[in-house]
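Asker: Have a look at the structure that comes next, please.
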Amino acid sequence: MAFFARPSSSAVKIVAPSVTSPPPSPKPTSKRDATQRQCRNILIYGSCKYQDKGCIYYHPPRDTPSPVLPESPVPSAALPAQAVNAPVFVPKTPHYPTSPPTPVIVPLQSPPSSPSPSSAPSDLSYEHHEPFNPFASDDEVVNDGSKVPAVNPYELPSDSMLGYDPANMVDSFYTPPYYAQQPLNYHLYTQARPEVLAHKYFISDSIREELQRRSETIRTALVPDMMLPEEMQGYHSLVPLEPSTGDRRKFGNWYSSVYRATNSADGLQYVLRRIENFRLMQQTAFTAIENWSRLRHPNIVSVQEAFTTRAFTDSSLVVVYDYHPNAQTVYEAHIKPKAPQFQNGRLQTQSNRIPEQTMWSYVIQIANAIKAVHDSGMAVRIIDPTKILLTGKNRVRIGSCGVVDVLMYESHADIAFLQQEDLAMFGKLIISLCCNNPAPMNNLVKSMETVGRHYSSDLKSVALFLISKPGPHKIIGQLFDMIGSRLLTEMDEMQNAVDRLEGELLTELENARLVRLLCKFGFINERPEFAREPRWSETGDRYIVKLFRDYVFHQVDEQGNPVVNLSHVLTCLNKLDAGTDERIMLVSRDEQSCLVVSYKEVKSCINSAFSDLSRR
Ligand SMILES: Nc1ncnc2c1ncn2[C@@H]1O[C@H](COP(=O)(O)OP(=O)(O)OP(=O)(O)O)[C@@H](O)[C@H]1O
């Protein structure tokens, strides 16, 4: 007994009749069996020439519609090779008990020409077969006519419900109403798009390019002969992120360098900021790093850890941060003079002016970060254009946090004082960005004039507030009162950005699933080691898979030109993955035979062929 047998196939092989072919002589079979089965000619041609000449199969009366067929053949363990040559086509029990099954009609008198998406196969399958109904197709009608709910592919078995027992949750006096839940067939949501919109199946080129550039940066090769340590404290493959030649600015009293490195434990990339020739006097200086490593904020480059090392041959302090590939400092992006470019035939200097809306976005993001730091009882201590990173479009993050806390540990500065300094540094940063000038305080009057000329009075007021004298009411929270409704504009922008990204993500939603399916195809079709094993490639499951592959990918139009239609491919693959009951006609390459099979059957053929492969 095949307890776990798959339902038997309704695949019917239709072979072009030859003129000399003998009348269909049924295989010897018992009289009882033959009279119960409907004659295949009735199903295929609508009539049987031999009905009154001794054909032993059942022929329904001519003027009545095709009767409901007897039970399907005994289920077999998998759609077997014989199923392709099944003697009798028995359609599946209908899903709509009120309507009789529609026979498959294939006009073999004029054998189908090369299959094309718009010609015979698809037309037939759409016109003559039940349309797929996601709410009805998976229900099986049992003998007594009652419907058995279909198995929901998304339903978890009860033992995977993590201890949740719905029976115990229901009051014993209350019987909840029973609503038949129809499983949503998510696989079929993707609608075929017109060919001109085929590119909409994938994320937009600009985002793909941006992400690919980041991915490429992560994989950039190491620079040989840099005399960098091979490994330290679990980090290896160091790559400098800034040129080691030319002018070097000091970080306070120290020179610093920045490297990208890979962590051996998680394989991810991090940024190591090294402070050269630093001697740690007290281990407690690292307490601040611990506090910073607990702070996670979208506008702060996360601090991971810090250590001292002699791997660079000196005594260095290293603070480890999250790595944001292709990040730029706002100095590099907006203040550093850009090389002149040819415009309208003339060499012209490029304007670095930041649009007002972008300025507000920066102000809000940085203010937000500062507030998070101040609220957790710390101070940023370095807010400078060379330490604010631009990690995406208009996305800023304060970097290098925690370093000053370690370097200046001995000074024991008052935290309220440091927070006031943060606000002043923030004010200078805003003026600096508005004027594209790294040192705007050298001539404050002129700088404020420039700000007033190019930006709104609100922005100027914010900058003036921040650089004003410290006082008890000068706190970062007050800035948000001044910003007012611009916060809402920023919120709108952020939500729009999320919507845009979700939209982009949606275009790729089906792809991983379809790639898995295509991989199965690749594993099964044209295996060279089984090329001489006809049982593998030319019969049964594999043959159906092969014909289906031709149906999906190798169709030709009336002129015999290849049909390259992505929508057709994706629609077919989606239906295949969902295993719909919709039937299609597969035609052999020599056009001598064709098979009518449902996607459900093709799906089980693929699964069985694939599991056969994996078992070998
Ligand atoms: N967390 C990070 N992720 C990715 N890149 C970073 C990160 N931190 C710094 N960088 C990059 O490393 C480079 C050097 O950083 P650094 O802070 O030294 O800037 P800088 O402009 O060289 O400043 P300074 O002149 O003070 O050295 C910059 O191009 C910056 O974009």
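The values are calculated or read from the model by the stated rules, or taken from the named source; none is laboratory data. Source: prediction; values computed, not measured. No Cβ is skipped: glycine too gets one built from the backbone with ideal geometry, and neighbour counts run over all protein chains shown. Heads up: the accessible areas ignore ligands, DNA and RNA and are worked out on the full protein's heavy atoms, side chains in. Shrake-Rupley method; radii C 1.70, N 1.55, O 1.52, S 1.80 Å.
Asker: Exactly one of (1) more than 13 Å from the ligand (Cβ to nearest atom); (2) under 22 Å from Val303 (Cβ atoms); (3) crowded, with 16+ Cβ neighbours inside 10 Å is unmet by Val396. Its number?
Answerer: (1)
Asker: Here is a follow-up. Given Ser257, Ser237, which one is within 20 Å of Thr391 (Cα to Cα) and modelled with pLDDT of 90 or more? Let's see the steps before the verdict.
Answerer: Values: Ser237 fails: within 20 Å of Thr391 (Cα to Cα).
Just one listed residue meets the conditions, Ser257.
Asker: Identify, by number, the condition in (1) under 28 Å from the mean Cα position of the chain (by Cα); (2) open to solvent by 30 Å² or more (accessible area, probe 1.4 Å) that Cys572 doesn't meet.
Answerer: Condition (2) is where Cys572 drops out.
Asker: Additional query: Just one of Val404, Val380, Val373 is open to solvent by less than 20 Å² (accessible area, probe 1.4 Å) and within 15 Å of the ligand (Cβ to nearest atom); which is it? Write out each step before concluding.
Answerer: Working: Val404 fails: open to solvent by less than 20 Å² (accessible area, probe 1.4 Å); Val373 fails: within 15 Å of the ligand (Cβ to nearest atom).
Among Val404, Val380, Val373, only Val380 is open to solvent by less than 20 Å² (accessible area, probe 1.4 Å) and within 15 Å of the ligand (Cβ to nearest atom).
Asker: When Thr386 is evaluated against the numbered criteria (1) touching a Leu at 6+ places or on another chain (Cβ under 9 Å); (2) within 15 Å of the ligand (Cβ to nearest atom), which criterion, by number, is the only one it fails?
Answerer: (1)
Asker: Hey, another quick one. For the list (1) assigned to a strand (DSSP E or B); (2) of a type outside the set (Val, Ile, Thr); (3) in the same structural domain as Asp422 (by the TED database), I need the number of the one condition that Ser361 fails.
Answerer: For Ser361, the exception is condition (1).
Asker: Follow-up question, since we're still on this one. Kindly check whether there is at least one residue in segment 317-334 that is open to solvent by less than 70 Å² (accessible area, probe 1.4 Å), out of contact with any Asp or Glu (no Cβ under 6 Å at 6 or more places or on another chain) and away from the ligand (no atom under 14 Å from the Cβ).
Answerer: Among the residues of segment 317-334, at least one is open to solvent by less than 70 Å² (accessible area, probe 1.4 Å), out of contact with any Asp or Glu (no Cβ under 6 Å at 6 or more places or on another chain) and away from the ligand (no atom under 14 Å from the Cβ), which makes the answer yes.
Asker: A further question on this structure: What number goes with the only condition from (1) surrounded by fewer than 16 Cβ atoms within 10 Å (Cβ to Cβ); (2) touching a residue at least 40 places away in the same chain (Cβ under 8 Å) that Glu290 does not pass?
Answerer: (2)
Asker: Oh, and also: When you go through Val239, Val271 one by one, which is the residue that is closer than 30 Å to Ser411 by Cβ, open to solvent by less than 60 Å² (accessible area, probe 1.4 Å) and either within 11 Å of the ligand (Cβ to nearest atom) or hydroxyl-bearing (Ser, Thr, Tyr) (or both)?
Answerer: Val271
Asker: Could you please tell me which pairs satisfy a Cβ distance under 6 Å, a separation of 6+ or placement on different chains, a first residue in segment 590-603 that is farther than 16 Å from Arg549 by Cβ, and a second residue that is of a type in the set (Val, Ile, Thr)?
Answerer: The qualifying pairs are Ser593/Val15; Val596/Val12; Val596/Val104.
Asker: With the structure loaded, tell me whether Asn263 is in the same structural domain as Ile364 (by the TED database), more than 16 Å from the ligand (Cβ to nearest atom) and surrounded by 14 or more Cβ atoms within 10 Å (Cβ to Cβ) or whether it fails that test. Explain how you work it out, then say what you get.
Answerer: Details: in the same structural domain as Ile364 (by the TED database): yes; more than 16 Å from the ligand (Cβ to nearest atom): no; surrounded by 14 or more Cβ atoms within 10 Å (Cβ to Cβ): yes.
It is false that Asn263 is in the same structural domain as Ile364 (by the TED database), more than 16 Å from the ligand (Cβ to nearest atom) and surrounded by 14 or more Cβ atoms within 10 Å (Cβ to Cβ).
Asker: For segment 274-286, name all the residues that are open to solvent by 20 Å² or more (accessible area, probe 1.4 Å) and within 16 Å of the ligand (Cβ to nearest atom).
Answerer: The first filter runs over segment 274-286 and keeps only residues open to solvent by 20 Å² or more (accessible area, probe 1.4 Å), leaving 274, 276-277, 279-284, 286.
Arg274, Glu276, Asn277 - these are the residues of segment 274-286 that are open to solvent by 20 Å² or more (accessible area, probe 1.4 Å) and within 16 Å of the ligand (Cβ to nearest atom).
Asker: Determine whether Phe312 is in contact (Cβ under 8 Å) with a residue 60 or more places away in the chain and within 11 Å of the ligand (Cβ to nearest atom). Walk me through it before giving the result.
Answerer: Working: in contact (Cβ under 8 Å) with a residue 60 or more places away in the chain: yes; within 11 Å of the ligand (Cβ to nearest atom): no.
When the stated conditions are applied, Phe312 does not pass them.
Asker: Continuing with this model, one more query. Considering only residues that are over 17 Å from Thr313 (Cα atoms) and surrounded by 14 or more Cβ atoms within 10 Å (Cβ to Cβ), which ones fall in segment 243-260? Walk me through how you get there before you give the answer.
Answerer: First, the residues of segment 243-260 that are over 17 Å from Thr313 (Cα atoms): 243, 245-253, 260.
Selection gives Phe251, Arg260.
Asker: Then there's this: For segment 588-604, how many residues are at pLDDT 90 or above and of a type in the set (A, V, I, L, M, F, W, C)?
Answerer: Taking segment 588-604 as the starting set, the residues that turn out to be at pLDDT 90 or above are 596-604.
In the following step, the residues that additionally are of a type in the set (A, V, I, L, M, F, W, C) were identified as 596-597, 602.
So the answer is 3.
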